[in-house]
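Notes to accompany the following structure.
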Amino acid sequence: VYDLLADSEKHTAVTGRKAIISGKVGGTFSISGNDVTGINVDLVPGRRIVQAWRHRRFPEGVFSMAAVTLTPTPDGGTELVLTHRGVPKDLIPETEQTWREQYWSRIKAYLDREVRKV
């Protein structure tokens, strides 16, 4: 699951949105033609991604902080928790919808397909 969010090629394949993502702390990322840009603040492979995250519709100079924590579950799955703070109030509904539709539903569909292949 970590790689689906942190690897450029896998992210692009799963979401259908072109992604250029550095694999290094302090590195930058760009998604969907610069619709979303930012900086990797903390990366713990397989466990955590923290990014200073900016949508093109945010006011100039405003970044939010998106943190994804991944925890293995006893059944072999992964629990994913997103904490996204600092999104401008008027953009919260759109941001929530983007996470649900562009990420969580697509990641679930991708993983469902992969499980069926096994």
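Here the extension length gained between Ala52 and Ile92 equals 12.8 nm, from 0.36 nm per residue of separation less the Cα-Cα distance. In terms of the mean number of neighbouring beta-carbon atoms within 10 Å, the peptides 9-15, 47-53, 77-83 order highest first as 47-53, 9-15, 77-83. Label separation (Ala67 vs Ser30): 2.9 nm, computed from points 7 Å beyond Cα along the C-beta direction. Computed from the C-beta positions of Lys117 and Ser8, the FRET efficiency with R₀ = 30 Å rounds to 0.85. Computed from point charges on the beta carbon alone (+1 for Lys and Arg, -1 for Asp and Glu), the dipole magnitude for the chain about its Cα centre is near 140 Debye.
Where in segment 46-74 does the label zone of Arg85 land, with the point 7 angstrom along Cα→C-beta and an amide N cut-off under 15 Å? Under cut-off, by backbone N: 50-53, 63-69. Inverting the pair-averaged 1/r between distinct Cα atoms of segment 2-117 gives 14.7 Å as its Kirkwood hydrodynamic radius.
A short reminder: the numbers here are calculations on the coordinates, not readings from a lab. Bear in mind the structure is a predicted one, so any value in this text is a computation, not a measurement. Counting neighbours? That spans all protein chains shown, and the Cβs are built from the backbone with ideal geometry, glycine included.
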